[in-house]
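Participant: One structure is given below, represented as structure tokens, and several questions about it will come after.
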Amino acid sequence: RDLMREADRACRRHADVVIATSRDLYTHCCADHKNVHLINHGVSYAHFAQALGLAAGEAPFAHRGGAVIGFFGLLSEWVDQDLVVALARACPHADLVLIGLADVSVTALEAESNIHILGPRPFAELPAYIAHFDVGIIPFIVNDLTRAVNPIKLREMLAAGCPVVATALPEVSVYAESGEDAVRTADSHDAFIAAVQNVLEAHFDRTRISERMQRETWQAKVNEIITVLNSNTHQKDA
């Protein structure tokens, strides 16, 4: 940790411009640098928006025909497995589909009959899976590491038209507090479970959810960075 902190400080000392991808990181960087810019992650919009046209097809995974609660990403130490187990038990008629590599023990998850750990899937195939998610979840433990996270999977799920429930990660909360009813956050296990159940009972216009991500493409983010760099170059020339 000390090594990474020093490397972080050294990078900023030598940088003319610092780009931060979350508000937590922005505040952190502003403490010792005067030229910091907040530019959030983007999304491969056209790729994930394909999910809108795939919902009518057959799901690429086995399930019982009820609600599907989905997650994709690394199953690592920051995933709250106790929360996922509690959710599975509170929603026994739903299937929890977890896509991604596990680098920690997932024995507790495997013990639940309605949790299906599919392992990694190719990026190209993700829209076909998300098309059949009734709700996507980001069940991260909230700590010093995850408070700085701006999860790309949030934008990917939204671009696919999928509503999202997450733990109280600051960057996800920004979406939830902006009036986007397709994004919910919760600060306890009970509240998280209630939010998922509420989303499963609601009706969402998945096309509308997706269209809100149209301006969040990676190209748009690159253009923002280029604008910042050009401005910095002009200031130095002056």
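Participant: Taking the options Ala195, Ala168, name whichever one is buried (at least 16 other Cβ atoms within 10 Å of the Cβ), farther than 26 Å from Ala55 by Cβ, without any contact (Cβ under 8 Å) to a residue 40 or more places away in the chain and in contact with a strand residue (DSSP E or B) (Cβ under 8 Å, 6 or more places away or on another chain). Working first, answer last.
Facilitator: On the way: Ala195 fails: farther than 26 Å from Ala55 by Cβ.
Of the residues listed, the single one that is buried (at least 16 other Cβ atoms within 10 Å of the Cβ), farther than 26 Å from Ala55 by Cβ, without any contact (Cβ under 8 Å) to a residue 40 or more places away in the chain and in contact with a strand residue (DSSP E or B) (Cβ under 8 Å, 6 or more places away or on another chain) is Ala168.
Participant: Let me ask another. Only one of Asn143, Asn230, Asn150 is farther than 20 Å from Cys91 by Cβ, of a type outside the set (A, V, I, L, M) and open to solvent by less than 20 Å² (accessible area, probe 1.4 Å); which?
Facilitator: Result: Asn150 is the single residue among Asn143, Asn230, Asn150 that is farther than 20 Å from Cys91 by Cβ, of a type outside the set (A, V, I, L, M) and open to solvent by less than 20 Å² (accessible area, probe 1.4 Å).
Participant: Here is a follow-up. Would a scan of the stretch 81-97 turn up a residue that is under 25 Å from Arg215 (Cα atoms), open to solvent by less than 20 Å² (accessible area, probe 1.4 Å) and out of contact with any Lys or Arg (no Cβ under 7 Å at 6 or more places or on another chain)?
Facilitator: no
Participant: Looking only at the stretch 105-125, decide whether some residue is at pLDDT below 95 and either open to solvent by less than 50 Å² (accessible area, probe 1.4 Å) or farther than 19 Å from Ala186 by Cβ (or both).
Facilitator: No, the conditions are met nowhere in the stretch 105-125.
Participant: Looking at (1) under 18 Å from the mean Cα position of the chain (by Cα); (2) within 19 Å of Glu171 (Cα to Cα); (3) touching a residue at least 40 places away in the same chain (Cβ under 8 Å), which is the only condition Ala49 fails?
Facilitator: Result: Ala49 fails condition (2) only.
Participant: Separate question: List the residue pairs whose Cβ atoms are under 6 Å apart, where the first residue sits in the stretch 1-27 and is over 22 Å from Leu154 (Cα atoms), the second is among the charged types (D, E, K, R), and the two are 6 or more positions apart or on different chains.
Facilitator: From residues that are over 22 Å from Leu154 (Cα atoms), the pairs are Val18/Arg12.
The values are calculated or read from the model by the stated rules, or taken from the named source; none is laboratory data. Computed from a predicted model, the values in this text were never measured in an experiment. Neighbour counts are summed over all protein chains in view; Cβ atoms, including those assigned to glycine, are modelled from backbone coordinates with ideal geometry. The area values use the complete protein model at the heavy-atom level, side chains included, leaving out ligands, DNA and RNA. Shrake-Rupley method; radii C 1.70, N 1.55, O 1.52, S 1.80 Å.
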